[in-house]
Each structure stands twice: as C-alpha cells, then as structure tokens.
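Novice: After the structure tokens below, expect a handful of questions from me.
Every number here is computed from the coordinates shown, using simple stated rules; none is lab data. Computed from a predicted structure; not experimentally measured. A quick note on method: Cβ atoms are made from the backbone with ideal geometry, for glycine too, and the neighbour counts reach across all protein chains shown.
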Amino acid sequence: MSSAFDVIVVGSGAGGAAAASQLASVGVRVLLLEKGKRLPMDGSTLDVRKVVHDGRFKSREVWRDGRGRALVPEEYFNLGGKTKWYGAALFRFGRHEFAADAHHQALGWPISYDDYAPYYERAERRLDVKTFDCEADLADILDRVERRSQWQHAPMPMGLARTIRLNSIEARHFDGFASIKRLKSDAETAFLSNAERLTIRTDANVVDLVGARDDARQIVGVRLADGETLLANHVVLAAGALHSPRLLARHLRAAKLDSSLPAAATVGRNLKLHLLTAVLAFSTSRKTDLIRKTTVLTHPAVPHSSVQPLGFDGEMLGTLIPGFVPRKIADALGQRAYGFFLQTEDGSHADNRVEPGVDGAPSRFDYDAARTPAALSEHRRLVRNFVASLMRAGYPAASKRIGRGGTAHACGTLVTGSDPHRSVVDPSGRVHGMQGLYVADGSVLPRSSRVNPSLTIYAWGLRLAELLAASIHANGRSAAVGTEAEHEAAH
C-alpha cells in the first residue's frame, strides 16, 4: 500500500474545505478525509421532526464535563461539517477584534486585520456573500425598538442564493437545516463540489497522527479507526475545535512530547463558545416574514455583543417553548413570535478546555462561563437590555440561555500566536515545534468576536493554503510514498 499525496486534510468544515480546495487549485495533491458521510438529498435534512426532535444528524458522542457529568455537544459529522447546518451568517471580525482586550480576557492575534483582509475578500467571493432586505414584521420590531433605545441595526452578510425566496421550504429552513437545492453557501457547495484534482474520502475516521520513525515531532501521516495508515508530507488538522486538539494531544502523549514541547501545555485550552441566549418576542399578530435572519443589532453599552434574528419560522419557534405548554398553544405562540439570538464574546481562560479520554474513557469538556466574569456580566446586561427594549416596544419577551452543549461557534483550543509557550499554532498555521503539521479550523482563533466566526475560519483556511502551497512549490514536491513495511515502522 502507498500514498501519493502532498497534503492530507482532516475534516471538511469551513477551514478544511477552504484549505483543501485552494491547495488543489494550484496543483498540490490533496486527500481530504471526513469522518462522516455525505448528507442525503431526500429532503430529510429539512424535516423539523427528523432534524430537531429526533436529532438524526447530530453526533451522539458522550463527553464528561468538569464535574464528571455526561455531556453531548451539538456536533455534526458529515461532508461540509457544521457549515451545512449553520445559519449562513458570514461576518468579518472588526479591526479592533484582532487586538488583545485585557479587561475582557481576550487574546490578541499575531497578525493584523490588514493582513487578513485579502483572504476575507476571497472567501466572500467564493461564498457569494450578499445582504437581503428587511421584511415587514422585522422592520416593525426594529422601528419600535430603535425609537425607544440606543439599539442600531445593520444588514447581515449572508451566504444564501437570491433564488431562495422562490423556494419557501428552503427559505424557512436554512437556519439549522441543510439545503438540498444548494441554495446555501456551505463548505461543500462553495468549495468542494467543483474542486478539481481533489480526492475526498468520507467515512474516514482519523484516530491518530503518525510520526516519523526517528522523530515524532515530524508528522508523516494519519491512522484511521480501521487501522489503515495514510502518508503525506503535510497534515492539516481541520476536524473542529473540539476534535483537532484531541488528535494532537493523543500524539503528544503517546510520543512523550507532552512534557517537552513548549506548546503542549496550551493544547486544548482557551476553549471559547460565545455566551448565547435565545429570546422570543411575542405579539397578537401572526408573523409572515419569509427570510427573517437579515439584520444584526448592536448597542454601545454592550460592545462585545450582538443580536441577530433567528431564521426560524413559527413551526420552529414553537419547538423552543417549554414542553409543559400544550402543543396547540405552543404552536399558536410560535406563529406569533419572532426569535432572536443574543451572543457575547467570551474571553480566554486556560481552564476552559477539552482533553482526550484515557483508556477508553470519555473525553473531557470543561467549560465554565464564570471563568470569564467580564463577558458573563456583559451577557447578562445584554439580555436584560434587549428584553426590556422589546417590552417597551410592545413585545412581551422570554429568554432561554443556551448551555455548554451549544458548540456551533466553538474555537480557541489550538490558539495561534508567536510565543510557543502561550500558543499552539504559529502565524502561518504550523504547530509550534512540529514539522509537517498545520491547523486550519476554528481552534486557532484567539478571539471569538461578537459575531459568527465562519467567515474568519474560511479566510484562515485560504491563507494557510496559500502559505503552505508556496512552501511546497519552493522546496519542490516530494510526495510521501511508502511501503507497508514503512507504515509499520512509522509512529
């Protein structure tokens, strides 16, 4: 058995898809490995019962929290990763969000906004980012709220096709559902579906990194759950902020590098999730807006926070009403409600972390928002302020905090930085102290910002790919080709 790839990319979400597509486009031989399958195109990914009530497409992996209690994070394993399910909001981080903010416990980036801007532009073109007009029901809510407060709104950059308005099922079910008509700019649709010279394998569960026989700091491939070993000169981790650190931590532990490699102490730490709360605003009239998620609201009193409408229709909003409410009443309330998604940037704390389990034990997911008190305090002010603003505008409102299982925006666990004692990944995307190992997913983000991180992860993947491709071409391609005996000797 042999492999003839320059680069293996592990994971097909935003960062992995962007990196793999970009590398392949300039002649680099890329193998993209995805743990899950391609999603079905039979309409089941738009079915509220199957997606929401049955949770058919979610991971069922059980973790343990900091107190040893069972926890199932909201993760997805499928081609395109979580981007197939996300709400298509594609924001840039603000210029100031590349700098450190000590009071908020926010780390700084090792690169500037200006360094990043060209990759934002490329990602926006590939994802066909655009804005949509605010529809009548939302416009009325915004007008009433803004007349009585300092809330301000702006158009939301979206990765949706203009023609989605012609398909009411897709238009009402893009936020939290996977499109079957390719009307959402997810990682598969925008980066993988038309990628040439890119080899994609699904159902490929990577469980270990493979180190060179004479130096475990040099990564030469990966090992799958079925025992198959695949070799390449470069491996790019893009399995997500909960999963990439586990792969790296397992390798460092097995190779006894966890006590000697400076970056090892930071692996899995600085987990960020965003502090999240859902708010339902009720009225006496039925809400008929088709595309609801078109606007972002901000307020000067909560500068690390934002508010977005949920892209949910009445049927979905009804599922957010507590189960003790009779279904007919819940459905009626849902039809008269508008949903909002409130998020606050959380700071970085070393004790907020993920760790792989030992000897078959569940992995550890230890996160406590109280460890970043400035962020927690601001989020509480955010919820109070917004709910009060809705009430003054004539919209009774109820809020529900989204718990630790809400990992859609997880990031920070392999943070990028210039100091190998305080970060894991260098500014080019390579793991400090390692050779041939890179990270392309949201685990590199030093800050989560007050908006969704997807576009920033796509842009990081494009930037990493450009730098890696330049290095490969400058040094001459020497694809990793190995025999079965060499596979046995590796690691």
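Novice: Taking amide hydrogens as modeled 1.01 Å from N in the peptide plane, which residues meet the under 5 Å criterion relative to I200, leaving out close sequence neighbours?
Specialist: Sorted by chain and number, the residues that satisfy this are L32.
Novice: Hey, another quick one. Over what distance in Å are the Cα centres of the range 397-424 and the range 323-383 separated?
Specialist: Each part's Cα centre sits 11 Å from the other's.
Novice: For the charge dipole of the chain, defined by +1 on Lys and Arg C-beta atoms and -1 on Asp and Glu C-beta atoms about the Cα centroid, which residue among V28, F77, L142 has the Cα displaced farthest towards the positive pole?
Specialist: L142
Novice: A further question follows. What are the semi-axes of the equivalent ellipsoid for the range 280-361, taken as the square roots of 5 times the Cα gyration tensor eigenvalues, largest first, in whole Å?
Specialist: On the way: eigenvalues 212, 95, 23 Å².
Taking √(5λ) for each Cα gyration eigenvalue gives 33, 22, 11 Å.
Novice: Would you kindly derive the ³J(HN,Hα) couplings of the range 243-257 from the backbone phi angles with the Karplus curve 6.51 cos²θ - 1.76 cosθ + 1.60 (θ = phi - 60°), listing them in order in whole Hz, with x for Gly and Pro?
Specialist: 10, 4, x, 5, 4, 5, 4, 4, 5, 4, 5, 5, 8, 6, 9
Novice: How big is the range 52-117 by Rg and Dmax over its Cα atoms, in Å?
Specialist: My reading of the Cα-based Rg and Dmax gives 17.5, 44 Å.
Novice: If you don't mind, there's one more thing I want to ask. Quick one: helix 136-147 against the long Cα principal axis of the chain, what's the angle to the nearest 10°, folded into 0 to 90?
Specialist: Here the helix axis deviates by roughly 80 degrees.
Novice: Another one. Under the rule of at least 5 residues apart or a separate chain, name every residue whose amide H is placed under 5 Å from the amide H of A106.
Specialist: D101, S348
Novice: At a Cα cut-off below 15 Å, give the aspartates and glutamates reachable from K130, other chains included and same-chain residues fewer than 8 away excluded.
Specialist: Straight-distance partners of K130: E121, D186.
Novice: What residues from the range 210-252 fall in the zone where the backbone N is under 11 Å from a label point 7 Å along the Cα-to-C-beta line of Q435?
Specialist: 212-220
Novice: Please list, in chain and number order, the residues 5+ apart from G211 or on another chain whose amide H is under 5 Å from its amide H, with Hs placed from the backbone.
Specialist: V220, H491
Novice: Also, I was wondering about something else. Any chance you could run the full-extension gain for D226 through L467? It's 0.36 nm times the residue separation minus the Cα-Cα distance, nm to one decimal.
Specialist: On the way: separation 241, 0.36 × 241 = 86.76 nm, distance 3.24 nm.
This chain segment gains 83.5 nm when fully extended.
Novice: How many nm separate the modelled label positions at N205 and A350, each set 7 Å beyond the Cα in the direction of the Cβ?
Specialist: Between N205 and A350, the simple spin-label model gives 3.4 nm.
Novice: Once you keep just the Cα pairs under 8 angstrom separated by 6 or more residues, what percentage relative contact order results for the chain?
Specialist: Details: 1156 pairs, mean separation 126.9, N = 491.
Averaging sequence separation for qualifying contacts and normalising by length gives 26 percent for the chain.
Novice: How far, in degrees from 0 to 90, does helix 14-25 lean away from the longest principal axis of the Cα atoms of the chain, to the nearest 10?
Specialist: With rounding to tens, the tilt is 50 degrees.
Novice: How do 348-355, 41-48 rank on mean C-beta neighbours within 10 Å, highest first? Working shown, then result.
Specialist: Details: 348-355: 19.9, 41-48: 14.9.
Ranking the peptides 348-355, 41-48 by packing returns 348-355, 41-48.
Novice: Determine which lysines satisfy two conditions relative to K35: a Cα distance under 25 Å, and not lying fewer than 8 residues away in the same chain.
Specialist: K50, K58, K82, K84, K181, K184, K272
Novice: Considering the options H432, G417, S448, tell which one lies farthest towards the positive end of the dipole of the range 415-467, charges being +1 on Lys and Arg and -1 on Asp and Glu at the Cβ, about the Cα centre.
Specialist: Value: S448.
Novice: So if each residue of separation counts as 0.36 nm, and I subtract the Cα-Cα distance between S168 and V325, what length gain in nm does that give? Spell out each step's value before the answer.
Specialist: Numbers: separation 157, 0.36 × 157 = 56.52 nm, distance 2.79 nm.
Stretched out fully, the S168 to V325 stretch lengthens by 53.7 nm.
Novice: Taking 0.36 nm per residue of sequence separation and subtracting the Cα-Cα distance, how much length would be gained by fully extending the chain between A388 and D215, in nm to one decimal? Don't skip to the end; give the middle numbers.
Specialist: On the way: separation 173, 0.36 × 173 = 62.28 nm, distance 6.00 nm.
Additional length available on full extension: 56.3 nm.
Novice: In deg cm²/dmol and to the nearest 500, what is the mean residue ellipticity at 222 nm of the chain if only DSSP H runs of at least 4 residues count, each as -39500 (n - 2.57), divided by the residue total?
Specialist: Working: 10 runs with 117 residues, N = 491.
One gets -7500 deg cm²/dmol as the mean residue ellipticity at 222 nm.
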